4 protein chains.
Amino acid sequence: MLEELKQKVLKANQNLVKYNLVTLTWGNVSGIDRKKNLVVIKPSGVDYDKLKIEDMVVLDLNGKIVEGKLRPSSDTPTHIELYKNFKNIGGITHSHSTYATIFAQACKDIPCYGTTHADHFYGTIPVTRFLTKKEVEEGYELNTGKLIVERFKGLDPVVTPGVLLAGHAPFTWGSSPAESVKNNLVLERVAEMAFAALQLNPKLKALPEHIINKHYLRKHGPNSYYGQIKPGKKK
Amino acid sequence: MLEELKQKVLKANQNLVKYNLVTLTWGNVSGIDRKKNLVVIKPSGVDYDKLKIEDMVVLDLNGKIVEGKLRPSSDTPTHIELYKNFKNIGGITHSHSTYATIFAQACKDIPCYGTTHADHFYGTIPVTRFLTKKEVEEGYELNTGKLIVERFKGLDPVVTPGVLLAGHAPFTWGSSPAESVKNNLVLERVAEMAFAALQLNPKLKALPEHIINKHYLRKHGPNSYYGQIKPGKKK
Amino acid sequence: MLEELKQKVLKANQNLVKYNLVTLTWGNVSGIDRKKNLVVIKPSGVDYDKLKIEDMVVLDLNGKIVEGKLRPSSDTPTHIELYKNFKNIGGITHSHSTYATIFAQACKDIPCYGTTHADHFYGTIPVTRFLTKKEVEEGYELNTGKLIVERFKGLDPVVTPGVLLAGHAPFTWGSSPAESVKNNLVLERVAEMAFAALQLNPKLKALPEHIINKHYLRKHGPNSYYGQIKPGKKK
Amino acid sequence: MLEELKQKVLKANQNLVKYNLVTLTWGNVSGIDRKKNLVVIKPSGVDYDKLKIEDMVVLDLNGKIVEGKLRPSSDTPTHIELYKNFKNIGGITHSHSTYATIFAQACKDIPCYGTTHADHFYGTIPVTRFLTKKEVEEGYELNTGKLIVERFKGLDPVVTPGVLLAGHAPFTWGSSPAESVKNNLVLERVAEMAFAALQLNPKLKALPEHIINKHYLRKHGPNSYYGQIKPGKKK
């Protein structure tokens, strides 16, 4: 069942290690089959180097386990809430990568300070508020998903493929599990450079808008001209 | 004698290298057999990649060597004092990992600034005072153990599995040698992120208490729901 | 066609990974055959570990593709503009290496704070201005090349083999593709040390001029005495 | 000739790479045979992974090459001057390791802020003044050696096995080539931790003297008790 998607989710979780985005088991990647409305996610607390394809957990959008012997990531309700609300995404990554987490802990969003940022995230990467005591008690992981959706009112999750949870860490997403991990890596690099650029110049301003537009649009959208275009295939 | 524990202590010492927590021979891990009241510890000044199981030193709680041809870590009296006073721990790690040592040198404890911290340490990670000249002269390593115990008056070492020695470096502990090394790694990551978050926001406040509680308790205690629960086994 | 140069450009691109100068596909190296006035450059958006010699793209100085099935790096017009104006260079590297990019984002040039810098870059490493909206719209990559040339009025690109693009990242060059990558690595190290030295001493001054001269000249020019001199070969 | 010493010097140079202390060819290690008064040193500008035992250069204390086909490190006169003045050292290392170089560039010496420092360097690690224009012109590398000797008036190079050259980088030494590299690594770690501890607490004071004494003396001198003592062998 969903063997191809499971393979992609497995590989994407392993890439968290390859890209140096995780310590111990502090991260998880999921993917969705939009036709069947089924989500595949990493099991909770299992080491990346021991993960096997049959460990992947399949759930429906009500959070009911459809296949799998292990318990899914404890963050599963957050993933599902995002899939329900962000209809154009195909994969989600949560990690505690160092510099993105530092911005989350400092409760600061990340303005677009450079073209590395503009190449992948169109404008500021937002930070959420904290959940209230009541929201935590009612359902921490589900309400974390709702909190992200609330923060994205007026924002397009496709051009801003990630968020910083206040006091916690980043969530990123993308068209596939692999793309969501790449966006996690991009966010980590962008955060590291924003951190140090602010040390060097505390009055740093965001990049001029015409440069932000140029960089984002040369990599994305109908007139993009980065990478190889193959007929019949997405870049 | 104690072959299984020796193997665990050997492996845990090697993990100091794997997790990038040590330079040269600046770290040591021990474990205790609570039934026999015997401690197994790394020999002093031996490279991790040359360590063999027969190099492990076995001592009783009076610090008498029971087995082993090599001299034990010079920090052995500190380890033993902790085992005597913290009855629920099974392993201890000392390292000079970079960021934990930086906080120790700056004589600053680490408030809980994020969920990465709250997932593993319940509240502030404390820093000790300096030993007095008299305490140093009387017995440096033993009094270092006593200093930690003094600092933990009113604290539970099970939920706060580590400490920063002023001007020196961290000690961490856990239910086993392996867990004590993991807690050393967690402390290092938490310290690194606290360091940079304070650079980014010098007025940074600790995480709201209801989020600290939620994160610690979803990973620990009777109602925890992180990881895989196997009947008859601890998680 | 140009097999030797293609091999050098391929190897130089792979060295971006070896020297830890790139994330994902954020960098490209080119080389020029000055007799034939042909440029060899990396294809756009292709992973370094999948690059093959036949993927290299050959262009003339009008930007016309002479050989190659893939699209060249989107930064190709910048490379060509530099080759046209800096007659003594044989290779060009663009990367988003962390600390050089941080200085670029902070819009700060890098004065010569140490002998590591003086050994390779003779004086300050300059930062450009931002391109205007008009310049971006007219031709972003070509005008980026022109912007660098403008910034080098009165500077010798041979002794200052690199530049920081405001808000973007570094370009470096050298006598060959390999040398341009080495200069990218040098710039990254120099930037990292300048960053931290400024944190440690915000009033830091440039190195005394007599030491800058000594260091640059003992490695470069007719009286240099660093490295091995082999008859009939350049050092 | 001096095969054993050459082997040690070769290995020590390769350890610069293993310990991540060098970029490109920015470092060199030498050793001395005190009976024959001959120095073995790395050739200039040769990659560490291509170094062979027959590439090592042998010189007398007048700087005359006694054996070897390659040119010695351009820093050779500095090494020789140190061997002539510091009679109890057996090996010397020069590198541009990141954080030691940052302190050198910031012209700041490193007070003993922690026990990691006290375990290996007894008290402050000093920084020199800059050489004058006249000193540079007369003989840069020789006068660099003299500058270090001048800075050590009243200091014992055996207990302070390293120095920071203002605006340049560290030199360290030890009882053997291997020990000089280890001290270079220690200095790098100590500098990194001093750097960040000063960011965290700009009013940071040196460690209390009784703790400095304890740590240095438990690892060094007649009453040391760190490591393994083997009869007939130095520790």
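The values are calculated or read from the model by the stated rules, or taken from the named source; none is laboratory data. Everything quoted here is computed from the prediction, not taken from an experiment. All Cβ positions, glycine included, derive from the backbone under ideal geometry; neighbour counts span all protein chains shown. All accessible areas refer to the heavy atoms of the entire protein, side chains included, with ligands and DNA or RNA removed. Shrake-Rupley method; radii C 1.70, N 1.55, O 1.52, S 1.80 Å.
Summary of computed values
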| quantity | calculated |
| --- | --- |
| Equivalent ellipsoid, the protein assembly as shown (semi-axes from 5 times Cα gyration tensor eigenvalues, Å) | 43, 43, 24 |
| Point-to-point label distance, A:Asp33-A:Gln14, nm (Cα→Cβ direction, 7 Å offset) | 2.1 nm |
| Residues of type aspartates and glutamates that C:Lys182 reaches as a straight line, Cα spacing below 17 Å, ignoring anything fewer than 8 places off in the same chain | C:Asp119, C:Glu192, D:Asp47, D:Asp49 |
| Interatomic Cα distance distribution for chain C, bins of 5 angstrom, percent | 1, 7, 14, 18, 20, 17, 12, 7, 3, 1, 0 |
| Cross-link table B:Lys84/B:Lys203; A:Lys69/B:Lys35; C:Lys35/C:Lys146, entries beyond 31 Å C-alpha to C-alpha | B:Lys84/B:Lys203; A:Lys69/B:Lys35 |
| Part-to-part distance (alpha-carbon centres) for the stretch D:158-213 and the stretch B:77-118, which is given in Å | 24 Å |
| Shortest-first nm distances, D:Asn37 label point to equivalent points in other copies (7 Å, Cα→Cβ) | 6.5, 6.5, 9.2 |
| With Cα atoms, 0 to 90° folded angle of helix B:133-151 axis to chain B main axis | 50 degrees |
| Given charges at Cβ of Lys, Arg, Asp, Glu: chain D dipole, positive-most of D:Asn143, D:Pro222, D:Ile125 | D:Pro222 |
| Under the Debye formula (equal points on every Cα, no solvent term), log10 I(q)/I(0) of the stretch A:2-122 at q = 0.12 Å⁻¹ | -0.47 |
| Solvent-accessible area of B:Leu200 with every protein chain in place, 1.4 Å probe, in Å² to the nearest 10 | 20 Å² |
| On Cα atoms only, tilt of B:177-200 relative to the major axis of chain B in degrees | 40 degrees |
| Average beta-carbon neighbours from other chains, 10 Å sphere, peptide C:78-90 | 0 |
| ³J(HN,Hα), Karplus 6.51/-1.76/1.60, whole Hz, each residue of the stretch D:19-35, x for Gly, Pro | 8, 6, 9, 10, 10, 6, 10, 7, x, 7, 10, 10, x, 10, 9, 6, 6 |
| Rounded to the nearest 20 debye, dipole of the protein assembly as shown from Cβ charges on Lys, Arg, Asp, Glu | 380 debye |
| Axis-proximal residue, chain C, for the rotation superposing C on D (Cβ, Å) | C:Gln199, 5 |
| Cα-centred dipole magnitude for chain D, charges only on beta-carbon of K, R (+1) and D, E (-1), debye, nearest 20 | 660 debye |
| Number of partner chain Cβ atoms within 10 Å, mean per residue of A:166-176 | 3 |
| Value of relative contact order over the stretch D:137-235, rounded to a whole percent, pairs C-alpha under 8 Å and six or more apart | 11 percent |
| Debye, to nearest 20: dipole size of the stretch D:1-129, +1 on Lys, Arg Cβ, -1 on Asp, Glu Cβ | 180 debye |
| Within the accessible area of the protein assembly as shown (1.4 Å probe), percent carbon and sulfur | 51 percent |
| Length released on extending from A:Asp49 to A:Gln7, taking residue separation times 0.36 nm less the Cα-Cα span | 13.7 nm |
| Additional length obtainable on full extension of the chain from B:Leu61 to B:Asn223, 0.36 nm per residue less Cα span | 54.8 nm |
| Degrees separating the helix D:209-219 axis from the principal Cα axis of chain D, which is the longest one | 40 degrees |
| Among D:Gly154, D:Gln7, D:Ser30 - extreme Cα towards positive end, dipole of the stretch D:3-220, charges at beta-carbon | D:Gly154 |
| Heavy atoms of A:Trp26 accessible to a 1.4 Å probe, total area in Å² rounded to 10 | 20 Å² |
| Estimated FRET transfer efficiency when R0 is 51 angstrom, pair B:Asn88-D:Asn85 (beta carbons, to 0.05) | 0.35 |
| Straight-distance crosslink candidates among aspartates and glutamates, where the alpha carbon sits under 18 Å from D:Lys134 and sequence neighbours closer than 8 are dropped | C:Glu209, D:Glu150 |
| Solvent-accessible ranking of A:Tyr99, A:Tyr83, largest area first, probe 1.4 Å | A:Tyr99, A:Tyr83 |
| Exposure of B:Lys11 as accessible area (Å², to 10), given a probe of 1.4 Å and all protein chains | 110 Å² |
| Relative contact order (percent, whole number), the stretch D:3-220, Cα cutoff 8 Å, 6+ residue spacing | 23 percent |
| Solvent exposure, largest accessible area first (probe 1.4 Å, DNA, RNA and ligands not counted), of B:Glu3, B:Glu188 | B:Glu3, B:Glu188 |
